[in-house]
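Since the structure comes first, as structure tokens, the remarks are kept for the end.
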Amino acid sequence: MLVSAAESILSIIFLIIIGYILAYRKWFDEKSTNLIVKLIIQVSLPALMMSTLITNFTRQQFLNSLNGLKIPFMSILLSYLIAVVISKLLKINPSRRGLFISMFFNSNTIFMGLPINEALYGEKSLPYVLLYYIGNTVFFWTFGVYEINKDGMNGKAKFFSKEVLKNIISPPLIGFIAGVIIIISGISLPSWFMSSCKYLGNLTTPLSMIFIGVTIYATNLKDFCLSRDITGVLLGRFLICPLIMLGLLVLNHDTGLMKDVFVIQAAMPVMTNSAIISKRYNSDYKFAAVMISITTILSLAVIPLYAAFLK
């Protein structure tokens, strides 16, 4: 299983390498990289959310699956609380403490999580990928953004604000909500529209992997020195968060595909939005870029190990 799990993500590695090579050849600058992010967040992901939901769920199947949503919420909340404690125990620099906490408990559920779970378990895993995505998205744009915002405001930031609400109601989440409404109401969409959504949604994986390759290239290699901050984030992403998820699933007697997908999602790399948000709120965005690169590279070895262990 270890070998087959590693082989299943070779295509992901290949796409990341392409992104790295294209960045090396100066195909991308900050403007073109931002364009890729906009295409993913505002075009391909909303289309993917809708087409995936409508294709993979009937009304009854969707309602039954909502029972599994409580596990991601509980797991991410516990991970957040533990991240706060560990940030104090490790005496993380206040200028990046909020960013440390956010990267500790939030994972890259779409850019890496979606294609890797699809490679490991096929399209039948996508509904569970989306369930975890809901919890991860809500917590990142509330608790995560709140913590990052504190870094740039000397530890002071408003938790409830228009900006937080605006970030939660993102295009991918709107696409997800639209898909849910269509499923529950029993609306039948034209085949040409569904085909268009599928084509646009298929852009998500290649664009996401190319973006990660560009990010890795843009990171200064001399920043890859092991430190207390880096070690803390690595423990959170690849050990503590997956074990919390696994423990909750075992206690709840959840087995099968949902268990496997949720644990893999909990072990994903740092969320790529962390660098963008930390720069916007005057946190340590260079540290975020380094952690995105390190965790993305390490995940290519860690994820097959988790997949083999779960099997």
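The values are calculated or read from the model by the stated rules, or taken from the named source; none is laboratory data. Since the model is a prediction, treat every value here as computed from it, not as a measurement. Reconstructed Cβ throughout: ideal geometry from the backbone, glycine too, with neighbour counts over all protein chains shown. Please note that ligands, DNA and RNA were not included when accessible areas were found on the heavy atoms of the full protein model with its side chains. Shrake-Rupley method; radii C 1.70, N 1.55, O 1.52, S 1.80 Å.
Go through segment 72-84 and give me each residue that's in contact (Cβ under 8 Å) with a residue 60 or more places away in the chain and open to solvent by less than 80 Å² (accessible area, probe 1.4 Å).
Taking segment 72-84 and keeping what is in contact (Cβ under 8 Å) with a residue 60 or more places away in the chain, we get 72-80, 82-83.
Matches in segment 72-84: 72, 73, 75, 76, 77, 78, 79, 80, 82, 83.
Picking from 99, 69, 45, 90, which residue would you name as being touching a residue at least 40 places away in the same chain (Cβ under 8 Å) and in contact with an Asp or Glu (Cβ under 7 Å, 6 or more places away or on another chain)? Lay out the reasoning, then the answer.
Details: 69 fails: in contact with an Asp or Glu (Cβ under 7 Å, 6 or more places away or on another chain); 45 fails: in contact with an Asp or Glu (Cβ under 7 Å, 6 or more places away or on another chain); 90 fails: in contact with an Asp or Glu (Cβ under 7 Å, 6 or more places away or on another chain).
Matching residue, one of 99, 69, 45, 90: 99.
Give the residues of segment 250-273 that are over 20 Å from residue 126 (Cβ atoms) and under 18 Å from the mean Cα position of the chain (by Cα), sorted by residue number.
Scanning segment 250-273 gives 270, 273.
Every residue, every condition in (1) open to solvent by 20 Å² or more (accessible area, probe 1.4 Å); (2) touching a residue at least 60 places away in the same chain (Cβ under 8 Å), yes or no:
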position	(1), (2)
239	yes, no
242	no, yes
259	yes, no
262	no, yes
273	yes, yes
284	yes, yes
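Please go through segment 236-249 and pick out each residue that is closer than 16 Å to residue 299 by Cα and over 17 Å from the mean Cα position of the chain (by Cα).
Scanning segment 236-249 gives a single hit, 243.
Here's the yes/no breakdown for (1) over 24 Å from residue 118 (Cα atoms); (2) at pLDDT below 90:
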residue: 45; (1), (2): no, yes
residue: 64; (1), (2): no, yes
residue: 70; (1), (2): no, yes
residue: 73; (1), (2): no, no
residue: 92; (1), (2): yes, no
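Run residue 221 past the list (1) at pLDDT below 85; (2) surrounded by 13 or more Cβ atoms within 10 Å (Cβ to Cβ) and report the number of the one that doesn't hold.
Answer for residue 221: the failing condition is (2).
Condition first: hydroxyl-bearing (Ser, Thr, Tyr) and not in a helix (DSSP H, G or I). Can you find one or more residues in segment 55-72 that meet it?
There is at least one residue in segment 55-72 that is hydroxyl-bearing (Ser, Thr, Tyr) and not in a helix (DSSP H, G or I).
Of (1) open to solvent by less than 10 Å² (accessible area, probe 1.4 Å); (2) more than 27 Å from residue 251 (Cβ to Cβ); (3) more than 18 Å from the chain's Cα centre (by Cα); (4) not hydrophobic (A, V, I, L, M, F, W, C), residue 87 satisfies all except one. Which?
(2)
If residue 154 satisfies every condition in (1) open to solvent by 20 Å² or more (accessible area, probe 1.4 Å); (2) modelled with pLDDT under 80; (3) under 24 Å from residue 71 (Cβ atoms) but one, which is the exception?
Single failed check for residue 154: (3).
Working only within segment 289-309, note down all residues that are touching a Leu at 6+ places or on another chain (Cβ under 6 Å) and crowded, with 23+ Cβ neighbours inside 10 Å.
The answer is 307, and nothing else.
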